[in-house]
Amino acid sequence: MNDPTQLVNTLRQAATDAGFSQFGITPAVPITGYSDLVAWIDSGYAGEMGYFANRQQAYAHPNSVLEGTKSIIALAYPYDSAEAAPCSNGMGRIAKYIWSGVDYHDIIHPKLKQLCKLITQQSPESKARGVVDTAPLMEREIAQQAGLGWQGKNTLLLNKHQGSYFFLACILSNVELPCDETHNTEHCGTCQACLDACPTDAFPAPGVLDASRCISYLTIEHRSPIPASLREGMGHWLFGCDICQEVCPWNRKPTREANRQHEQAAHTTEVDEAKPLRFDQLDLASLFELDDEQFRQRFRKTPLWRARRRGVLRNAAIVLGNQKHRSSIPALRRGLEDPEALVRGASAWALGCIGDEAAGPQLTLCLDHEQDPEVTEEITLALSKLKTNQ
Ligand code: SF4
Ligand code: SF4
């Protein structure tokens, strides 16, 4: 087997060539933040993401991801962090990490595989496994242990030079590699811009996220109706939310520009071949014209597919309700007739928010034949809002 230092140099160079902007190594030890994770799950902050509780034990040690792990390489992969254009009526905002329209797993996994190959070529006994959000691993804690940055009050990993607009990935290996220093300092200081800016009060304390209140979770992971008390806070967000990153001083312009250039240089070739159009906003009314198959064709290969048609249309209806623009009424009427109860309920809510009495007759008609109790309740509430506004 090669000298471990030489192997690390080879891996570091290969990672840079593949577009990773940060690289650090930590020994595989019990995860220090594990008890915080358990407390977080017990508090119900994971919302409907049952996989955290189901795999809770596995997060305690990297051995549950790869038996015999001795070292973990932590990597950062930057994504587009340009300033978002203002959102006009009828449009819905999409979080920056999705702007490429490509699922980041599809970009990063092949790169991790290549790096793993460099390790396993060393000897028949060596093993390596790449993880990007795909195994029970506390990637942020590991990245901090490997020296990549600190965990900000917005819970994200922050780096002084690169802010937070990057994905984290790890490579676990049973090869013992020379390790980097843990990042022991934190640089949020007295700032609490992220805590103040969150529109749904998703931070019960600095550094603790109640995902069940977070727009990112609600618009992507949450499968049920979005709680009525959180809908207004969603504002223009159709899919994901960047607010607690946008306000962070560590994501100031030069950092964003550096990330963008790095990211573009890194995967221009392979992404361009199959890349759909870049999207940072979507026209919401047009989404209501897509049936299941049309939606599949348009979004199957994009991150929006995770929420499926019903989740995306639910979000679209809520954004249209928040924008309160009469021109959205035809799309929402169509939403009222949608086969999915989730979409019908959100559309009824949105029509109530717009408050135009022209929507009244159709709401009443739908109430007569609606079978779903939750949708019935939404329609009744919408009708009473219309009456109040008259
Ligand atoms: S992503 Fe948005 S909703 Fe979630 S914590 Fe940050 S600011 Fe709040
Ligand atoms: S906005 Fe301020 S408090 Fe929040 S993560 Fe950034 S530096 Fe820390």
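Bear in mind these aren't lab numbers, they're just calculated from the coordinates by the rules spelled out. The structure displayed is predicted, hence computed values, not measured ones. Ideal geometry is used to build each Cβ from the backbone, glycine not excepted, and the neighbour counts take in all protein chains shown.
Size of region 288-390 from its Cα atoms: along the principal axes, largest to smallest, the extents are 45, 28, 17 Å.
The distance separating the Cα centre of region 170-245 from that of region 59-80 comes to 20 Å.
Charge dipole of the chain (Cα centre as origin; +1 on each Lys and Arg Cβ, -1 on each Asp and Glu Cβ, all else neutral): 440 debye, rounded to the nearest 20. Averaged over residues, the count of other Cβ atoms within 10 Å places the peptides 91-97, 54-60 in the sequence 91-97, 54-60, highest first. The residue among Ser229, Ser216, Cys194 whose Cα reaches farthest toward the positive pole of the charge dipole of region 177-245, with charges on the beta-carbon of Lys, Arg, Asp and Glu, is Ser229. Note on region 130-173: Cα-only Rg and Dmax are 10.3, 31 Å. For the chain, the relative contact order is 20 percent, taking Cα pairs closer than 8 Å that sit 6 or more residues apart in sequence and dividing their mean separation by the residue count.
Taking all Cα pairs closer than 8 Å and separated by 6 or more residues, the relative contact order of region 288-390 comes to 25 percent. Its residue count N fixes a reference of 2.2 N^0.38 Å for the chain, and the Cα radius of gyration divided by that reference is 1.08.
For the chain, the Cys residues with no second cysteine's beta carbon closer than 4.7 Å are Cys87, Cys116, Cys170, Cys179, Cys188, Cys191, Cys198, Cys214, Cys241, Cys248, Cys353, Cys366. Going by alpha carbons, how many degrees (0 to 90, nearest 10) lie between the helix axis of 341-354 and the longest principal axis of the chain? The angle comes out at about 60 degrees.
With everything on Cα atoms, drop me the angle between helix 373-389 and the longest principal axis of the chain, reported from 0 to 90° to the nearest 10. For helix 373-389, the angle is close to 60 degrees. Bridging of Lys385 to aspartates and glutamates at a Cα separation below 13 Å is possible for Asp356, Glu357, Glu377, once same-chain residues fewer than 8 apart are set aside.
Ordering Ala15, Ala39, Tyr59 by Cα displacement along the dipole of region 1-77 toward the positive end leaves Ala15 in first place; charges were set at the Cβ atoms of Lys, Arg (+1) and Asp, Glu (-1). For the pair His161 and Lys387, a Förster radius of 56 Å applied to the C-beta separation gives a FRET efficiency near 0.50, rounded to the nearest 0.05.
With contributions of -39500 (n - 2.57) from each DSSP H run of at least four residues, the per-residue ellipticity at 222 nm computed over the chain stands at -12500 deg cm²/dmol.
Please work out the FRET efficiency for the pair Ala82 and Glu232, using the Cβ-Cβ distance as r and a Förster radius of 25 Å; give the result to the nearest 0.05. E(calc), rounded to 0.05, equals 0.35. Measuring between their Cα centroids, region 33-56 and region 343-390 lie 36 Å from each other.
The modelled label-to-label distance for the pair Met49/Ser224, using points 7 Å beyond Cα in the direction of Cβ, is 1.8 nm. Suppose a student asked you for the relative contact order of region 1-152, using Cα pairs under 8 Å spaced at least 6 residues apart; what percent would you report? Once normalised by length, the contact order is 34 percent.
Extension gain, Arg298 to His105, is 67.6 nm, computed as 0.36 nm per intervening residue step minus the present C-alpha separation.
Rounded to 0.05, the FRET efficiency of the Gln371 and His61 pair, given R0 = 56 Å and the Cβ-Cβ distance, is 0.70.
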